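Engineer: I have a structure here, written as structure tokens, and I will follow up with some questions on it.
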Amino acid sequence: ICTGAVPSPVPTQQVVEGVSEYERTHVPVPAPVVQPAEVAIVNIPVLASVTPVPQQLMQVLLPVPGELVATPSYKWTFDDGTSLSGPGLAYDGTDPRTDPAHYVSHNYSAAQLTASVTLTVTWNATFTAAGQTITIPPLVMPSITTTFSVHEARSVLVSS
């Protein structure tokens, strides 16, 4: 007898794998921005940011119908091992030296031919169907690394 009831989303491996695959193919991948883009200066903060992606609400039909809710988190890892979190902000005129919490920023104390920052986006999700909610294992997107050089600025005194 077919009652038209929606099957219960028992957190089987098949349901978790199916919903995880749907999530992997449907969540946006933000593009990192590093300021300055190509050449940083010793003791002047490098700013890292992405356009924040809002929480994603997705209707899933297979393996069982339901709603997937995915929320991104952002981790920035600089080449010296420093890690910071959050989407960051593009430069908006606020001095990062006087308000270091305003941006995701990092200072280099010495010149480097090649410096880098790596963005890792992790999506944490839940799937709800037939009144049951299950937590989907975190989806860690492939990391994106941006490279630049760090130069030392020297001042020169001139007479007028």
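Engineer: For the range 56-73, take each phi angle, set θ = phi - 60°, evaluate the Karplus expression 6.51 cos²θ - 1.76 cosθ + 1.60, and give the result in whole Hz per residue in order, putting x for glycine and proline.
Structural biologist: 3J(HN,Hα) across the range 56-73, in whole Hz: 9, 10, 10, 8, 10, 9, 10, x, 9, x, x, 10, 9, 10, 10, 10, x, 10.
Engineer: If I ignore ligands, DNA and RNA and count only protein heavy atoms, how much of Glu21 is accessible to a 1.4 Å probe, in Å² to the nearest 10?
Structural biologist: Glu21 exposes around 80 Å² with every protein chain in place.
Engineer: Hey, got the dipole for the chain? About the Cα centre, +1 on K and R Cβ, -1 on D and E Cβ, debye to the nearest 20?
Structural biologist: 40 debye
Engineer: Rounded to the nearest 10 Å², what accessible area does Ser116 have for a 1.4 Å probe in the complete protein model?
Structural biologist: 20 Å²
Engineer: Could you sort Ser49, Ser160, Ser105, Ser73 by accessible area so the largest value comes first, with the probe set to 1.4 Å?
Structural biologist: My answer, sorted largest first, is Ser160, Ser73, Ser105, Ser49.
Engineer: Considering the chain as a Gaussian network with a 10 Å cut-off on Cα pairs, which listed residue, Gln13, Gln56, Gln112, attains the greatest mean-square fluctuation?
Structural biologist: Gln13
Engineer: Also, quick follow-up: Sort Leu68, Leu84, Leu139 by accessible area with a 1.4 Å probe, largest first.
Structural biologist: Heavy-atom accessible area, descending, gives Leu84, Leu139, Leu68.
Engineer: Go through [x] 10.5; [y] 12.7; [z] 15.9 and flag the label whose value is the computed mean projected area of the Cα convex hull in nm² for this structure.
Structural biologist: Matching the structure shown: [y].
Engineer: Place a label point 7 angstrom from the Cα of Met141 along the Cα-to-Cβ direction, then list the residues of the range 88-128 whose backbone nitrogen is under 20 Å away.
Structural biologist: Hits in the range 88-128 for Met141 at 20 Å: 88-91, 104-105, 116-127.
Engineer: Take the Cβ-Cβ distance between Leu84 and Thr12 as r, set R0 to 22 Å, and report the resulting FRET efficiency rounded to the nearest 0.05.
Structural biologist: Details: r = 38 Å, r/R0 = 1.71.
Between Leu84 and Thr12 the formula returns 0.05.
Engineer: Oh, and also: How far apart, in nm, are two points set 7 Å out from the Cα along the Cα-to-Cβ line at Gln55 and at Asp92?
Structural biologist: 2.2 nm
Engineer: Using the heavy atoms of the protein chains and a 1.4 angstrom probe, tell me the accessible area per residue for the chain in square angstrom.
Structural biologist: Numbers: 9480 Å² over 160 residues.
I get 59 Å² per residue for this part.
The values are calculated or read from the model by the stated rules, or taken from the named source; none is laboratory data. Everything numeric here is computed off the predicted structure, so don't read it as measured data. Neighbour counts run over all protein chains shown; Cβ positions are idealised from the backbone, glycine included. We work out accessible area using only protein heavy atoms, side chains counted, and drop any ligands, DNA or RNA first. Shrake-Rupley method; radii C 1.70, N 1.55, O 1.52, S 1.80 Å.
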